[in-house]
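So the structure is just underneath, and the comments pick up after that.
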């Protein structure tokens, strides 16, 4: 199945689709956060600002889940779960690329430049066993 799931949802992954990242508190309850993402080098990538609560959760419990979905027909979606790789690096380029998906290239670059003084961590979550759905087959014509 490796890679075979991508083609049916490629347009979803390339679009500025909504995404939700779930991390877990010490008591096991979930924190569900809307995030911007990109699909890059066979993984979902999200920039998280250093000091963000989500990073504290991941330090205590490395599990997370990411859901990407369409809010219009054909209502496709992808859910991945696992322990992400947290890359401590200069996130400026990734931040600009991700923001550019949602804001347009020029505004994405401005967004990243405005946050250049705010370091971040690149969360990379591989899609080893994704749950994929496409409701087009059950929707009325």
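Numerical summary
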read-out	value
Per-region count, segment 92-139, residues part of a loop (DSSP other than H, G, I, E, B) and closer than 21 Å to residue 65 by Cα	4
Residues located in segment 61-82, provided they are within 30 Å of residue 114 (Cα to Cα), outside any strand (DSSP E or B) and at pLDDT 95 or above	62
Residue match in segment 25-32 (condition: closer than 11 Å to residue 123 by Cβ, in contact with a strand residue (DSSP E or B) (Cβ under 8 Å, 6 or more places away or on another chain) and at pLDDT 95 or above)	no
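Okay, residues lined up against (1) surrounded by fewer than 18 Cβ atoms within 10 Å (Cβ to Cβ); (2) over 16 Å from residue 131 (Cβ atoms):
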{"position": "14", "(1), (2)": "yes, yes"}
{"position": "34", "(1), (2)": "yes, yes"}
{"position": "39", "(1), (2)": "no, no"}
{"position": "48", "(1), (2)": "no, yes"}
{"position": "55", "(1), (2)": "yes, yes"}
{"position": "95", "(1), (2)": "no, yes"}
{"position": "104", "(1), (2)": "yes, yes"}
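Residue by residue, here is whether (1) modelled with pLDDT of 95 or more; (2) closer than 16 Å to residue 15 by Cα holds:
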residue	(1), (2)
86	yes, no
96	yes, yes
100	yes, yes
103	yes, yes
106	yes, no
118	no, no
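The values are calculated or read from the model by the stated rules, or taken from the named source; none is laboratory data. What you see is a predicted model; the values in this text were computed from it and never measured. A quick note on method: Cβ atoms are made from the backbone with ideal geometry, for glycine too, and the neighbour counts reach across all protein chains shown.
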